[in-house]
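Remarks on the structure that follows.
The values are calculated or read from the model by the stated rules, or taken from the named source; none is laboratory data. Bear in mind that the values here come from a model prediction, so they are computed numbers and not experimental data. Using ideal geometry, Cβ is built from the backbone for each residue, glycine included, and neighbour counts are taken over all protein chains shown.
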């Protein structure tokens, strides 16, 4: 399984695997928003948590179809399904690789982008915490959407339609956590809820994804 | 003799052939009586005026929108566990009806909200969660349309309906947390203090029954169409082979 993780990471970093693509997309979203709503710092500071979260979500979505599609095309997914490793484990590893290549860079870059959007000083910590807790759920849920659409020729748009509603609870609690953190309110409830959602999805969704892959490869 | 006998397509077609006219009849009678009663023979309510009448479409549609997804989850489970094709087709047949019910609930809600709340739309938990439910319906329908092999499509949409059901409920409570609502609380709870007056309750009850039978009739018609389409496809395939 570690070998699989290393392979996925290497594939993502090399050969235009879209390693920096999500990050660049994130940057573009953050750059475009001030053009849309005007450069006043007050407004930007108010909407910054939401913008950063929606941007992270879209950046994550952008790379989802790569999780299984390439392996499906060259046939290595068939080998992975028949390998002695349980398919649920393969899915989890794939989600982890996806998170390391898209989620983690976003977490690291978020404070910088927060400065661009005049995110209040105290909220930076919460931004990083919320993304760190929330983005794994995005990756794992993404594997479910990717698994459902893996056999389709033009699954990209359908994938967005399927996955985005699943992101709603994570987005709500993630953005709420930052907003409360920025205003110095009690952050315990959204923090625990966000962590709970992530823990539950990481534990359970791989089973659904694996079931969908088995159906698609039948 | 067990309930699973009706999963046999032949038996299903034969039984529903007999049931269907009755369902349509009951649906028509209850809907017409309920709506006419509700719209013309009920006094205008205090604080609400004539706008109270939207309740006779709004509440049953909202109720069906949620329950149709539940029905889809159940039929999908039956398909996933026991592989009865009729069950999968029933789930497929129900999805567009559910989507339309959700849309009806949203639109009638907006029509009611304009004079009452002074806004067409508000990011209230109930409204938001219905919008999300609508998106789930769209995704479900789109997945059915996108996958070519019918068995694969039935499996995938089945899994989607299960996971989607969990997340629809989760979104509901997350939205609850996110924004305090403008929407009134449960009007139809069974404890007497909150319950609406009988004058409005009886026609509403009739309308709810009407919507249930209306849905039943529609889903039977659509499932029968799906079964026939399946047969047609099988016949065509056999001819091509011959």
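Tabulated data for the structure shown
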{"read-out": "The one condition in (1) at pLDDT 85 or above; (2) over 17 Å from the mean Cα position of the chain (by Cα); (3) under 30 Å from residue A:45 (Cα atoms) that residue A:212 fails to fulfil", "value": "(3)"}
{"read-out": "Conditions (1) closer than 26 Å to residue B:74 by Cα; (2) exposed (fewer than 13 other Cβ atoms within 10 Å of the Cβ); (3) free of Cβ contacts under 8 Å to residues at least 24 places away in the same chain; number of the one not met by residue B:4", "value": "(3)"}
{"read-out": "Filter result for the condition that a residue is surrounded by fewer than 22 Cβ atoms within 10 Å (Cβ to Cβ), in a helix (DSSP H, G or I) and within 7 Å of chain B (Cβ to nearest Cβ), over A:191, A:161, A:157, A:204", "value": "A:161"}
{"read-out": "Filtered residue count, segment B:161-172, keeping only those that are more than 14 Å from residue B:68 (Cα to Cα) and within 8 Å of another protein chain (Cβ to nearest Cβ)", "value": "4"}
{"read-out": "Residue list for segment A:67-97, filter: free of Cβ contacts under 8 Å to residues at least 60 places away in the same chain and crowded, with 18+ Cβ neighbours inside 10 Å", "value": "A:71"}
{"read-out": "From the options A:143, A:149, A:135, residue that is within 14 Å of chain B (Cβ to nearest Cβ), buried (at least 24 other Cβ atoms within 10 Å of the Cβ) and closer than 15 Å to residue A:201 by Cα", "value": "A:143"}
{"read-out": "Test result for residue A:140, in contact with a helix residue (DSSP H, G or I) (Cβ under 8 Å, 6 or more places away or on another chain), more than 22 Å from residue A:95 (Cβ to Cβ) and part of a helix (DSSP H, G or I)", "value": "no"}
{"read-out": "Matching entry among B:95, B:145, B:154 (being within 10 Å of chain A (Cβ to nearest Cβ), under 27 Å from residue B:12 (Cα atoms) and in contact with a helix residue (DSSP H, G or I) (Cβ under 7 Å, 6 or more places away or on another chain))", "value": "B:154"}
